[in-house]
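Working notes, beginning with the structure itself.
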Amino acid sequence: MKKLALISLAISIAAIAFADFPREHVIGKWLLNGTNKSTTWTFKKDDTFAFKGPATSSKGKWSTDGSYVKVVWTEIDGKAVKEGTVKTKYKLNDDGSLQIDRFVYRKK
């Protein structure tokens, strides 16, 4: 019985460590620290995103592989960006939050 409990615990920990989130998890508005409305990412169903910060904004396209959100900018601060030249990916943390550099975003 003790072995079964340990195996079950190990499986649960592994599932958390390798969490994959569905596309629907990403869709919506994300706030810095889950509360700061002045810095937001909005991921739309049509695979576009918008970022708004206190002194900056950007737009582009997004996708996910379940562990990362991949973004490709089309506009930064109102100026067009050559398609495919500015892109990166951001980690979806095990708790479902979005890690962007040293900042953590949570869905509204």
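The values are calculated or read from the model by the stated rules, or taken from the named source; none is laboratory data. Owing to the predicted nature of the structure, the values given are computational and were not obtained by experimental measurement. All accessible areas refer to the heavy atoms of the entire protein, side chains included, with ligands and DNA or RNA removed. Shrake-Rupley method; radii C 1.70, N 1.55, O 1.52, S 1.80 Å.
Want the number for K44 to K70: 0.36 nm per residue separation, take away the alpha-carbon distance, what's left?
Here the answer is 8.0 nm.
Working out 0.36 nm times the residue gap between S57 and K82, then minus their Cα-Cα distance, what length gain in nm do you get to one decimal?
Separation in residues times 0.36 nm, less the Cα-Cα distance, equals 7.4 nm.
How much of D77 can a 1.4 Å solvent probe reach, expressed as accessible area in Å² and rounded to 10?
Surface accessible to solvent at D77 totals approximately 80 Å².
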